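S.K.: What follows is a single structure, and I will ask about it in a moment.
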Amino acid sequence: MPPKTRTKPKAQAPRKKQHDAEHAFAFDRAYYRRYYEDPRTRVSDPKDDETLGRFLGAYLRLMNQPVTRVLDLGCGLGRLRKVFAREFPQATYTGVERSEYLCERYGFSQGSVVDYRGRGRYDLVVCKGVMQYLSGADAVRALNNLERLTRGCLYLEALTQEDWDSACDQARTDGAVYLRPARFYRERLQKSFVACGGGVYLHKDAGAVLYALETL
């Protein structure tokens, strides 16, 4: 998750022009070194993934949602894999990455949230920090694919225009992306998912019983 600022972000130099095509992004060693590995420039600390994984484990147990299959789309360095192994010890984990560099380094399956097919549906699907790198058309395709792949819970994190304007640390966050309003995602998710807060969306096929104040 892009680091938050507790005050209104300071004025920055003009943001780089948003990319015109998805292939313009270079998810190479330099990219991951800057945004994920170098403590001076990375957008999140490894402890953030630990906290996120524990949160998802606790929340799904609270909702009595069994997890036997986990799909991590855009898994990055794969930091959630170890956390999920503890939170969901009976579950299989599939990490999918578009980056050829990461797939060669960690052995992930190479693919994209836009058209990854997988085998059947998953109890927990994670899509973290991916959507803002997709063009509008591909973002719609990706959301449709997430609906198809999820039978239980979806965790979705995407940098929005609102985040860039008032929430994230612009000095560390990659701003040369496709920034869209949050409603772009919410309006398309509400057809098949129930928003439960914290980036958690429960598929309407999951069969969970939710009280009124547990949903947004």
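S.K.: When you go through (1) part of a helix (DSSP H, G or I); (2) within 13 Å of the chain's Cα centre (by Cα); (3) closer than 26 Å to residue 178 by Cβ one by one for residue 53, which number turns out not to apply?
M.R.: So the condition that residue 53 fails would be (3).
S.K.: For segment 88-107, what are the residues that are among the small types (Gly, Ala, Ser) and either assigned to a loop (DSSP other than H, G, I, E, B) or surrounded by fewer than 14 Cβ atoms within 10 Å (Cβ to Cβ) (or both)?
M.R.: Of everything in segment 88-107, those that are among the small types (Gly, Ala, Ser) and either assigned to a loop (DSSP other than H, G, I, E, B) or surrounded by fewer than 14 Cβ atoms within 10 Å (Cβ to Cβ) (or both) turn out to be 91, 99, 107.
S.K.: Further question: Taking segment 26-62 as the search range and keeping residues that are modelled with pLDDT under 95 and basic (Lys, Arg), which one is nearest to residue 104 (Cα to Cα)?
M.R.: 29
S.K.: Sticking with this one: Since residue 129 meets every condition but one in (1) on the phi < 0 side of the Ramachandran plot; (2) in contact (Cβ under 8 Å) with a residue 24 or more places away in the chain, which condition does it not meet?
M.R.: Answer for residue 129: the failing condition is (1).
S.K.: State which residue is surrounded by the fewest Cβ atoms within 10 Å (Cβ to Cβ) when the search covers only segment 108-147 and only residues that are of a type in the set (A, V, I, L, M) and assigned to a strand (DSSP E or B).
M.R.: 126
S.K.: In segment 145-155, is there at least one residue being at pLDDT below 95 and small (Gly, Ala, Ser)?
M.R.: no
Quick grid of which residues meet (1) surrounded by fewer than 18 Cβ atoms within 10 Å (Cβ to Cβ); (2) under 30 Å from residue 27 (Cα atoms):
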site: 170; (1), (2): no, yes
site: 182; (1), (2): yes, yes
site: 186; (1), (2): yes, yes
site: 191; (1), (2): yes, no
site: 209; (1), (2): yes, no
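S.K.: Do any residues in segment 60-79 that are part of a helix (DSSP H, G or I) have Cβ atoms under 8 Å from those of residues that are at pLDDT 95 or above and crowded, with 22+ Cβ neighbours inside 10 Å, where the two are at least six apart or on different chains, and which pairs are they?
M.R.: 60/124; 60/152; 60/153
The values are calculated or read from the model by the stated rules, or taken from the named source; none is laboratory data. All values reported here derive from a predicted model rather than from experimental measurement. With ideal geometry, Cβ positions are generated from the backbone for all residues, glycine too; neighbour counts draw on all protein chains shown.
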